[in-house]
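Here is the structure we will look at.
The values are calculated or read from the model by the stated rules, or taken from the named source; none is laboratory data. No experiment lies behind these values; they were computed from the predicted model shown. Here Cβ is always computed from backbone atoms with ideal geometry, including for glycine, and neighbour counts include all displayed protein chains. When the accessible area is computed, the model is the full protein with side chains, heavy atoms only, and any ligands, DNA or RNA have been set aside. Shrake-Rupley method; radii C 1.70, N 1.55, O 1.52, S 1.80 Å.
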Protein chains: 2
Amino acid sequence: MHTPLTGPVHPGVDSAAVHRPASVAIIRDGFWATRRRINADVSIPEGPQRLEEAGNLANLRAAATTAAGTTPPAFSGDFQFQDSDVYKWLEAASWQLADAPDPGLADDVARLVRLVADAQMENGYLQTYYQLGGAEPWTELGWGHELYCAGHLMQAAVAHHRATGSRDLLDVAGRFADHIESVFGPGKQVDGVCGHPEVETGLVELYRTTGDKRYLELARYFLERRGQGVLASGADRGHDRDPGPEYWQDHAPVREAREVTGHAVRQLYLLAGAADLATETGDVPLRQALERLWTDAVSTKTYLTGGMGSRHDWEAFGDAYELPADRAYTETCAAIALVHFSWRMALLTGEARYSDLVERALYNGFLGGVGLDGRTWLYVNPLQRRARPHERPGDQASRRTPWFRCACCPPNAMRLLAGLPHYFASADDSGLHLHQYATGEYVADGFAVRVATAYPWHGTVTVTVDEAPAGERTLSLRLPSWCTQFRLTVKETPGHEQPEHGWLRVTRAFRAGDTVRLELHLPVRLTHPHPYVDAVRGCVALERGPLVYCLEEADNPGDLDGVVLDSSPVPTVRERPDLLGGVTTIVASGRRLTPDGIGWWPYPTEPAPARQADRSQPVELTAVPYYAWANRGDGAMRVWIPGPS
Amino acid sequence: MHTPLTGPVHPGVDSAAVHRPASVAIIRDGFWATRRRINADVSIPEGPQRLEEAGNLANLRAAATTAAGTTPPAFSGDFQFQDSDVYKWLEAASWQLADAPDPGLADDVARLVRLVADAQMENGYLQTYYQLGGAEPWTELGWGHELYCAGHLMQAAVAHHRATGSRDLLDVAGRFADHIESVFGPGKQVDGVCGHPEVETGLVELYRTTGDKRYLELARYFLERRGQGVLASGADRGHDRDPGPEYWQDHAPVREAREVTGHAVRQLYLLAGAADLATETGDVPLRQALERLWTDAVSTKTYLTGGMGSRHDWEAFGDAYELPADRAYTETCAAIALVHFSWRMALLTGEARYSDLVERALYNGFLGGVGLDGRTWLYVNPLQRRARPHERPGDQASRRTPWFRCACCPPNAMRLLAGLPHYFASADDSGLHLHQYATGEYVADGFAVRVATAYPWHGTVTVTVDEAPAGERTLSLRLPSWCTQFRLTVKETPGHEQPEHGWLRVTRAFRAGDTVRLELHLPVRLTHPHPYVDAVRGCVALERGPLVYCLEEADNPGDLDGVVLDSSPVPTVRERPDLLGGVTTIVASGRRLTPDGIGWWPYPTEPAPARQADRSQPVELTAVPYYAWANRGDGAMRVWIPGPS
């Protein structure tokens, strides 16, 4: 019997998933252990204080104590979905408790669970904005986020139950789900969907935990109902602009959509929920639609960092190949949602490419959103920041901030980091699969292995088998798609396995003490954009292993606008334990153009580079990992560097 | 005595303006005559019907007939500033009447003037949105647009008076201005400014026409009061996002600002009004601030088309060199406002560079907004449109539309075209200046000349002197900055004049019958972007004379994303009287990349162009003038074409 570890996404035993989550996945040391320690020691413990300051907890208390017929106190916060921040924190804290006991944290969790339970109405409804007089429940489906909050409550409840065994929050979520089930459906009080998807994945997880098929059916209803223009009116309270149906993926049903479009986080949460549904129902056309949409997103609308969402305007996907570096919106939550969606597809299909993208998003687009200090965050994650940019207050500036007016990202990042080991290993009928590499222990289906690695700084991954099932079985290691040179050693003997669709499969009768060593060659790579990506034509990016690098003004004083990378010599690496918590930097040769080389009209008829070549100065360029940017003030930054013309 | 022609911007005789508008400027034939004929025959006559359909006239009627204390009928339209569309149309129709008598049009004008007069309140206040119950007047300075509408009313009234001699509308505007003067000021009912500048220029023009210095002082008050955070609260009715003070130029006074920023049209209207003020007051530090801001705008934030405003988000200027082709907002009104601002600076300083930019904006960024049929319009004017772009309803899509929900652009374009000759000639103490070239007649300060030209298709401009003042005087012809080769012939003798700061000055004792012929060489130019303009690095644009060209899918079937321009042979031109109302096209050699040359991950480590070079197909490319794009359906378009790598 396979017992999945305490984490999100437990496909049912009868599901269509090709892979099962590992039953144990523990990150002991190294890159992610450091980031998870800061999450456990700083980010999560400080969460309740942030939620108190922002008024989220006051809202719950007010909802609990306001008697019917009396005038409620004013709602705190600018958004109808303030409650969801509490739920995401509860989910993060629950995964954290599953990882390591912490009496203080357990007390905080219990306290917030009580607050949530006390705020719930008799009929099961729970959203403080509407309970405190915002409007009648279920009258603002476009912007109200009621089902969105419910979905986060469900996921938090599932996490709390899996981590603690308690049913306290699970019962709250169940009562709310039952209420929703009584209200929504053809011929019922409301026949519609929420402007922001999320309830779909929450309902499927609730089904997985409770076994109650009504929740699965309700998720299916919301998925199938969407895409028929049910949200077309668009203009709820306080919103004077109509975003159009693509904004909230109401222009076409998921199974008919040809492209990802609209608000990136909404699109990706919807696809994650659809993947859960396809997993539990074995719906093959739906799975095929998801494969098609994932491929569309990744091949035409994804940044080098794994970030998604090209437009500030409506926080939206752009057109195919519309990928500006400077105005990339690439919300931290979109990178998180992409990990959610991709991991569900990895389990459903067993294909390595999904985890390949998870790796890219984790190390770059996602982690860039988390300050090195664990208490400052980025909401948008552009690939270029010019000196002295113009940002307005609501811009969710590309500057690390302790908390946001719309604070969706910080607790979202906390829950991903707290549940991170869950995304690193799985099993299928052949044996154990390692999707990501971190020093630790991984157990599934009779396999128990230890991994030792200094990844991503060094490329050697040593897997030691502590237990193995009887007979011939397979240990599968993902070969990252960026890797063109590697060496596999099995029990100190060179292996000759070649990757099959991204998996290096070592098949044999394993015994305790067997080792498999994978050495990934980690040269500095000069990466070019697809010729259709207009915004960064003529530029190259520096990458090494899974890490995207960037130039920051802090290491490269002066004007980053005028920097050009030389074609030779080949860039070198330099280990810098003193810098940014310890990083390997890339050192390259370049030139800096004379800034005033062109007059007042910036479109000369003769080629500008030729005119300026003899007035440029040689310069040594130092690049740092993108995830570490913006931790040293507000200087300029760029990932894509103009190449020699 | 110099009598300026019937047009906008009449600097006073004691003003600081170096130039005076011509007293006669008539465009008889050629490029602009065609466009102005369509404006006169189609756009302006159909205006009242559009305003009726959109409810603008109903609002005026309702305001006129609603007695105090009764419930007014509902306001029509989505914006507080619907009235301004009427005023802009009245201004356009007035300039048109000055150009050519038209009894039908005169009747329409008189009818709308009566509607406006009847709608005015006893105390002089006039804005139907607030009169019909929107809110108390002067309580929504940020978004209310009350002074903005007042400014357009003043400019319309000045036009109506100059064109017809009637005081009917002028008296309405004067009463409103008097009311504003009684309400606004230090220690008065309101000490603040309007979120959208425009009243400043209206008040100065009203001062110029009435001689009432209170209007000049009021304009000065609004200009000096702005920039002190008086609009900082930001969140009026129906607006849930705070745009920040830069949005409406309330972050710094104009005379202290270092950069143009925020909403582009607001910024440029403000600068036009400030230029009027500097002209009438001789305020040298203000003039210097305007010169600085104009240079900042043009050298770092202007598109090749003369368009301004890089961001859809808040319709705003971007950072320096943030000039994406695809998501360029470049509102038609911003190009118009840039013409307004630049022309005022041209009169104030006598410098040619301002009219150089006017030419660029007129032929490209502005004219692209006007459909060839005179009844469809563009609101945004991007320099690239991909195939099948995602646009939401509110996007003011890059697709020609008969009228907009926010219909600021169409009547704005009408008034610019109707008053266009005014921007073509001026005089200073030395003599006549020709800023733009069109077949017609121009009179100023004793000079009367006829111009014959087929500009911009052909480069020869022949100026025949019909009358000349006595003694040695100067005829100044602007040499466009794009022109590197020209020939000047004075009375059939080669002239040897060299340009002085953009002016070719022919000085002599002119006599009737003298001719000056300027032959501008019009080769196809391959124009490169400044190396800091990241968005179009590695691309070239095709230009010829003042015209920017573009590739449209209609002439270049297939995928425009994959097109690359060859470095040779040199592109050629082809006259196409059959196409788009008669254009000269540019024909160039290029290649089309194989679209599927790269797999699902669009960032290959080896250079993509090299991989694809052997799989590209040669293709003949046909470019048309940018102003004519989007008149043949919704296909792809691009101005910047990738060059050979």
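A count restricted to region B:296-313 and to residues that are facing chain A (nearest Cβ under 7 Å) and under 17 Å from the mean Cα position of the chain (by Cα) stands at 2.
From the list B:Pro531, B:Pro469, exactly one residue is assigned to a loop (DSSP other than H, G, I, E, B) and within 14 Å of chain A (Cβ to nearest Cβ). Which is it?
B:Pro531
The residues of region A:538-568 that are facing chain B (nearest Cβ under 9 Å) and either part of a helix (DSSP H, G or I) or open to solvent by less than 30 Å² (accessible area, probe 1.4 Å) (or both), listed by number, are A:Cys539, A:Val540, A:Ala541, A:Glu543, A:Asp561, A:Gly562, A:Val564. In region A:569-595, which residues are open to solvent by 40 Å² or more (accessible area, probe 1.4 Å) and in contact with a helix residue (DSSP H, G or I) (Cβ under 6 Å, 6 or more places away or on another chain)? Once the filter is applied, which keeps residues that are open to solvent by 40 Å² or more (accessible area, probe 1.4 Å) and in contact with a helix residue (DSSP H, G or I) (Cβ under 6 Å, 6 or more places away or on another chain), region A:569-595 yields A:Arg592, A:Pro595. Is region A:226-237 home to any residue that is away from chain B (no Cβ under 14 Å), open to solvent by 30 Å² or more (accessible area, probe 1.4 Å), part of a loop (DSSP other than H, G, I, E, B) and among the aliphatic types (A, V, I, L, M)? Taking every residue of region A:226-237 in turn, at least one turns out to be away from chain B (no Cβ under 14 Å), open to solvent by 30 Å² or more (accessible area, probe 1.4 Å), part of a loop (DSSP other than H, G, I, E, B) and among the aliphatic types (A, V, I, L, M). Does at least one position in region A:264-276 carry a residue that is at negative phi, acidic (Asp, Glu) and more than 10 Å from chain B (Cβ to nearest Cβ)? Looking through region A:264-276, at least one residue is at negative phi, acidic (Asp, Glu) and more than 10 Å from chain B (Cβ to nearest Cβ).
For region B:476-498, which residues satisfy the criterion of being outside any loop (DSSP other than H, G, I, E, B), open to solvent by less than 60 Å² (accessible area, probe 1.4 Å) and not hydrophobic (A, V, I, L, M, F, W, C)? If you could, list the steps in order and put the result at the bottom.
Kept after step one, since they are outside any loop (DSSP other than H, G, I, E, B), are these residues of region B:476-498: B:476-478, B:486-490, B:493-494.
Adding the requirement that they be open to solvent by less than 60 Å² (accessible area, probe 1.4 Å) leaves B:476-478, B:486, B:488-490.
Scanning region B:476-498 gives B:Ser476, B:Arg478, B:Thr489.
Taken over region B:427-457, the criterion of being aliphatic (A, V, I, L, M) and not in a loop (DSSP other than H, G, I, E, B) is satisfied by B:Ala427, B:Leu432, B:Leu434, B:Val443, B:Ala444, B:Ala448, B:Val449, B:Val451, B:Ala452. Residues in region B:246-264 that are among the acidic types (Asp, Glu) and open to solvent by less than 20 Å² (accessible area, probe 1.4 Å): B:Asp250 only.
No other residue among B:Ala328, B:Ala337 is closer than 22 Å to B:Ala541 by Cβ and either outside the structural domain of B:Tyr627 (by TED's automatic domain parsing) or outside any helix (DSSP H, G or I) (or both) apart from B:Ala328. Among all positions in region A:180-200, there is no residue which is open to solvent by 10 Å² or more (accessible area, probe 1.4 Å), at pLDDT 95 or above and within 30 Å of A:Asp99 (Cα to Cα). Residues that are surrounded by fewer than 18 Cβ atoms within 10 Å (Cβ to Cβ) and out of contact with any helix residue (DSSP H, G or I) (no Cβ under 9 Å at 6 or more places or on another chain) within region B:446-473 comprise B:Gly446, B:Arg450, B:His458, B:Thr460, B:Thr462, B:Thr464, B:Asp466, B:Glu467, B:Pro469, B:Ala470, B:Gly471, B:Glu472, listed in sequence order. Assuming B:His152 fulfils every condition listed in (1) surrounded by fewer than 24 Cβ atoms within 10 Å (Cβ to Cβ); (2) touching a residue at least 12 places away in the same chain (Cβ under 8 Å); (3) not hydrophobic (A, V, I, L, M, F, W, C) apart from one, which condition is it? Against the list (1) surrounded by fewer than 24 Cβ atoms within 10 Å (Cβ to Cβ); (2) touching a residue at least 12 places away in the same chain (Cβ under 8 Å); (3) not hydrophobic (A, V, I, L, M, F, W, C), B:His152 comes up short only on (1). Every condition in (1) in contact with a strand residue (DSSP E or B) (Cβ under 6 Å, 6 or more places away or on another chain); (2) more than 25 Å from B:Gly273 (Cβ to Cβ) is met by B:Trp138 except one, and the failing one is (2).
Exactly one residue out of B:Leu542, B:Leu560 is at pLDDT 95 or above and either more than 27 Å from the chain's Cα centre (by Cα) or under 25 Å from B:Arg35 (Cβ atoms) (or both), and it is B:Leu542.
Taking the criterion of being among the small types (Gly, Ala, Ser) and either part of a strand (DSSP E or B) or within 11 Å of the chain's Cα centre (by Cα) (or both), the only residue of region A:369-380 that qualifies is A:Gly369. Counting the residues of region B:131-146 that are under 15 Å from B:Cys194 (Cα atoms) and part of a helix (DSSP H, G or I) gives 1.
Restricting attention to region B:409-419, does a residue exist that is within 14 Å of chain A (Cβ to nearest Cβ), in contact with a strand residue (DSSP E or B) (Cβ under 8 Å, 6 or more places away or on another chain) and not hydroxyl-bearing (Ser, Thr, Tyr)?
Step one: list which residues in region B:409-419 are within 14 Å of chain A (Cβ to nearest Cβ), which gives none.
No, the conditions are met nowhere in region B:409-419.
Once region A:277-295 is narrowed to residues that are more than 27 Å from A:Thr209 (Cα to Cα) and open to solvent by 10 Å² or more (accessible area, probe 1.4 Å), the residue that is nearest to the other protein chains (Cβ to nearest Cβ) is A:Thr295.
Go through region B:314-331 and give me each residue that's more than 8 Å from chain A (Cβ to nearest Cβ) and either of a type in the set (Val, Ile, Thr) or over 16 Å from A:Arg311 (Cα atoms) (or both).
First, the residues of region B:314-331 that are more than 8 Å from chain A (Cβ to nearest Cβ): B:315, B:323, B:328-331.
Within region B:314-331, B:Thr330, B:Glu331 qualify.
For region A:5-22, filtering for residues that are buried (at least 20 other Cβ atoms within 10 Å of the Cβ) and touching a strand residue (DSSP E or B) at 6+ places or on another chain (Cβ under 8 Å) leaves 9.
Restricting attention to region A:241-263, the residues that are within 10 Å of A:Ala316 (Cα to Cα), within 7 Å of chain B (Cβ to nearest Cβ) and in a loop (DSSP other than H, G, I, E, B) add up to 1. The residue of region B:202-219 that is surrounded by the fewest Cβ atoms within 10 Å (Cβ to Cβ), among those that are among the aliphatic types (A, V, I, L, M) and over 17 Å from B:Glu91 (Cβ atoms), is B:Leu216.
Can you go through B:His501, B:His528 and tell me which one is open to solvent by 30 Å² or more (accessible area, probe 1.4 Å) and either within 30 Å of B:Arg311 (Cβ to Cβ) or among the β-branched types (Val, Ile, Thr) (or both)? Give the steps one after another, and end with the answer.
Working: B:His501 fails: either within 30 Å of B:Arg311 (Cβ to Cβ) or among the β-branched types (Val, Ile, Thr) (or both).
One residue alone meets the criteria, B:His528.
Does region B:346-353 include one or more residues that are over 13 Å from the mean Cα position of the chain (by Cα), within 14 Å of chain A (Cβ to nearest Cβ) and surrounded by 24 or more Cβ atoms within 10 Å (Cβ to Cβ)? Checked region B:346-353: no residue is over 13 Å from the mean Cα position of the chain (by Cα), within 14 Å of chain A (Cβ to nearest Cβ) and surrounded by 24 or more Cβ atoms within 10 Å (Cβ to Cβ).
Would you mind stating whether A:Gln120 is among the polar types (S, T, N, Q) and crowded, with 24+ Cβ neighbours inside 10 Å?
no
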